[in-house]
1. For residue 32, indicate whether it is under 28 Å from residue 119 (Cβ atoms) and not assigned by TED's automatic domain parsing to the domain that holds residue 82.
2. What tally of residues in region 40-60 results from selecting those that are within 11 Å of the ligand (Cβ to nearest atom), closer than 29 Å to residue 91 by Cβ and part of a loop (DSSP other than H, G, I, E, B)?
3. Which ones in region 15-39 are within 16 Å of the ligand (Cβ to nearest atom) and assigned to a loop (DSSP other than H, G, I, E, B)?
4. Restricting the first residue to region 61-75 and requiring it to be part of a loop (DSSP other than H, G, I, E, B), which pairs with a second residue that is near the ligand (Cβ under 6 Å from one of its atoms) meet a Cβ separation below 9 Å and a spacing of at least six or different chains?
Ligand SMILES: Cc1cc2nc3c(=O)[nH]c(=O)nc-3n(C[C@H](O)[C@H](O)[C@H](O)COP(=O)(O)OP(=O)(O)OC[C@H]3O[C@@H](n4cnc5c(N)ncnc54)[C@H](O)[C@@H]3O)c2cc1C
């Protein structure tokens, strides 16, 4: 009698697990996986009539939210450099693309390294301590902290929440 009940419970349990797995599988379109790359900043990029921008030349972890921002700044910087060209000769193209690289490489390198520091910091218990977080973000004055609070409030309110 007892054995029969145990068997029933086991079947019930397996049935629940089956339903759970079926539900996860049917929602699998909600999941995706992709590698995250954090590359050392480059000192140079190939020179010539072709250049690189975005993740192709400064892949970073997303812990500063800067990857796409840097890619957009690259686009503006590249356009500004191209506007400086005096003719379409190969030498001139090399010159303006080098001009772009000279601005883009050090700017994005700072963000690659800051994002790397973010990976370490945001995985420590200090990350949820306000003082430590302010320090890490470089928001040391009351004025800077107040401005950040206002920005966070604005984002939360825009999303329909309250602070
Ligand atoms: C979880 C996560 C959170 C992030 N959060 C932020 C954030 O808050 N703020 C921020 O600024 N950034 C963020 N980023 C980073 C941001 O998504 C990337 O830095 C940005 O998308 C890079 O843009 P990209 O155009 O350089 O490269 P990609 O977006 O990778 O575009 C490259 C494109 O090229 C295509 N491609 C590749 N090979 C070929 C080929 N051989 N032929 C043709 N096409 C090809 C790819 O399919 C892709 O569409 C985040 C990234 C992740 C993973």
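The values are calculated or read from the model by the stated rules, or taken from the named source; none is laboratory data. These numbers were taken from a predicted model, which means no experiment stands behind them. Note: ideal-geometry Cβ built from the backbone for every residue, glycine included; neighbour counts use all protein chains shown.
1. The answer is yes for residue 32.
2. Matching residues across region 40-60 total 3.
3. Once the filter is applied, which keeps residues that are within 16 Å of the ligand (Cβ to nearest atom) and assigned to a loop (DSSP other than H, G, I, E, B), region 15-39 yields 31, 32, 33, 34, 35, 36, 37, 38, 39.
4. The qualifying pairs are 61/36; 61/67; 62/36.
Residue-by-condition table, conditions (1) more than 28 Å from residue 135 (Cα to Cα); (2) in contact with a helix residue (DSSP H, G or I) (Cβ under 6 Å, 6 or more places away or on another chain):
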residue	(1), (2)
19	yes, no
25	yes, no
44	yes, no
85	yes, yes
91	yes, no
112	no, yes
